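As structure tokens, the structure follows; a few thoughts come after it.
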Amino acid sequence: MKPYVFNVAETAQACIKWIKSWMHHNGNDSTKVIVGISGGKDSTVVAALCTVALGKERVLGVMMPNKEQPDIADSQHIITYLGIPSIEVNIHDAYQGITQAISQALPQHPLNSAYLTNTPARLRMTTLYGVCALVGNARVVNTCNRSEDVQGYSTHYGDSAGDFAPLAKLTTEEVVAIGDYLGLPYELTHKAPSDGMCGKTDEDNLGWTYHEINQIIRENEHGEHYDAIVKRYLNMQFKLQAVQLPAFKPELPDFFAEKYGI
């Protein structure tokens, strides 16, 4: 593998340039981007990159609480900070409706964590594409990062979907660094990642840190959980194989891509 050196300014500017180019070739000078704003670092940084690349008038932020979202003020914060137009679509009625219908059809199968976690994420992606269809001349932005993706820590055809992916080949720590480089609010870019539903952070659920994942991605470092992290990647590889989005690709080493091709 190549030596790992992360130049945040160079990478951020290359990503902005890539967004401009991708939108130019897959739209026109008025095509908008639709960004689901969760209040976490990924959607914060994606919204900021798109704002710099395209101008705030071409970025529409969509907040999608499921009834109540305890940290929705964080979503509102970055929208106000960037000065982008926004809407709020509460998915609770849709979630309740489909949950009731499925439960009635399958009364012998009680709701489980997979359903409770993934269904809202898929409804949110449906919402983004619904907004995209009504706005017209728009593209939906994927906000996943490489660290999450190599662990399958995204919802298949939920937040893993989208039309293009600015962060898909960048690690969590690189995303944070870009957020700091862009001068974004510290409390948003350094916020502990979580799904916002189970009350635990991503790292609590995984059983290891994103830093350890990132050390494998960039330097193939054999830490305490190396075998478990690689095993999880192999078990979840089908998600990456199924959803191959146009993505910004920095010139950085990537153990998983180099060894397994994806």
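Coordinate-derived values only; no laboratory data. In this text, all values refer to a predicted model and were calculated from it rather than measured experimentally. In this analysis, Cβ positions are derived from the backbone assuming ideal geometry, glycine residues included, and neighbour counts consider all displayed protein chains.
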Projected onto the charge dipole of the chain (+1 at Lys/Arg Cβ, -1 at Asp/Glu Cβ, origin at the Cα centre), which of S147, A177, V131 gives the Cα projection farthest towards the positive end? V131
Given trypsin sites (Lys or Arg not before Pro), DSSP loops and at most 13 other Cβ atoms within 10 Å, the longest exposed-site-free stretch of the chain is 68-199
Within region 2-21, whose backbone N sits under 14 Å from a point 7 Å along Cα→Cβ of Y181? 5-19
Using the crude model of +1 on Lys and Arg Cβ and -1 on Asp and Glu Cβ, and no other charge, please compute the dipole size for region 8-251 relative to its Cα centre, in debye to 20. 820
What lysines could a cross-link reach from K169, if we take a straight Cα to Cα line under 28 Å and drop same-chain neighbours fewer than 8 places away? K2, K17, K20, K32, K41, K56, K191, K200, K231, K239, K249, K259
For the chain, take the alpha-carbon Rg, divide it by the Kirkwood Rh, and send me Rg/Rh. 0.96
Fewest Cβ neighbours within 10 Å first, please rank C50, C132, C144 accordingly. C132, C144, C50
Taking 0.36 nm per residue of separation between V8 and E57 and subtracting their Cα-Cα distance, the length gained on full extension comes to 15.1 nm
Could you calculate the contour length gain from Q100 to D71, that is, 0.36 nm times the residue separation minus the distance between their Cα atoms, to one decimal place in nm? 7.8 nm
Taking θ as phi - 60°, what are the ³J(HN,Hα) couplings along region 162-175 by the Karplus curve (6.51, -1.76, 1.60), each to the nearest whole Hz, with x for Gly and Pro? x, 9, 7, 9, x, 9, 4, 10, 10, 7, 4, 5, 5, 4
Least to most buried among L128, L167, L252 (fewest other Cβ within 10 Å first): L252, L128, L167
Selection of GluC sites (Glu not before Pro), region 175-245, meeting DSSP coil and at most 11 other Cβ within 10 Å: E224
Give the relative contact order (percent, whole number) for region 8-251; include only Cα pairs under 8 Å separated by 6+ residues. 23
What is the antiparallel percent of DSSP beta bridges lying wholly in the chain, to the nearest 5? 10
